[in-house]
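Here the structure comes first, spelled out in structure tokens, and everything after it is commentary.
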Amino acid sequence: MPLTGVDHLAFTVSDLDRSVEWYCANLGFEPFVRYTNEQVGAEVQVLRHQDMPERLSLRRFAAGDREPFSEFRIGLDHIALGVADESDLSEWQLKLEEAGVVCDRTDLPELSIMVCRDPDNIQIELCTTIREDVIGTSIDESGALAVDEP
């Protein structure tokens, strides 16, 4: 029985409308379907993005914990969304920072990563594709790329 891929990601949020607005305004998602799941006591908004087949499901549980997200608790650490290259990553960073979103960028030999957080402190990464030409390399003390010996 093969798996066909990731269908959707689901985040628990403290304020559904605020989170929907944030993901739509800052990352280009759009509302897809909204419903109440009485069985689990949650209001749910499913978002979609024109560039991705996977959907994002935001859920606010009536009896849910209101503590901010922390990747240090067991469970989800972060979501990483791919961008084509470093130029696109820079454009995303500029767009988000202009909207008042705090971003932190790390450029590694293998890939570049830009990190921000949603209103519930959920870590969102935008990252470039892993560079195949540097796999099996490392950085030496001088900061230069060095080929790792087997």
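The values are calculated or read from the model by the stated rules, or taken from the named source; none is laboratory data. Computed from a predicted model, the values in this text were never measured in an experiment. Don't worry about glycine lacking a Cβ; one is built from the backbone with ideal geometry, like all the others, and counts go over all protein chains shown.
Residues of segment 78-103 being over 16 Å from residue 25 (Cα atoms) and loosely packed, with under 12 Cβ neighbours inside 10 Å, which ones? 84, 85, 87 - these are the residues of segment 78-103 that are over 16 Å from residue 25 (Cα atoms) and loosely packed, with under 12 Cβ neighbours inside 10 Å. Apart from one condition, residue 148 fits all of (1) touching a Gly at 6+ places or on another chain (Cβ under 8 Å); (2) loosely packed, with under 12 Cβ neighbours inside 10 Å; (3) modelled with pLDDT of 65 or more; the exception is (3).
When residue 36 is tested against (1) surrounded by 11 or more Cβ atoms within 10 Å (Cβ to Cβ); (2) under 21 Å from residue 125 (Cα atoms), exactly one condition is not met: (2).
Give segment 50-94 a look and list any residue that's small (Gly, Ala, Ser), without any contact (Cβ under 8 Å) to a residue 40 or more places away in the chain and farther than 20 Å from residue 37 by Cβ, or say none. Residues satisfying the conditions are 87, 90.
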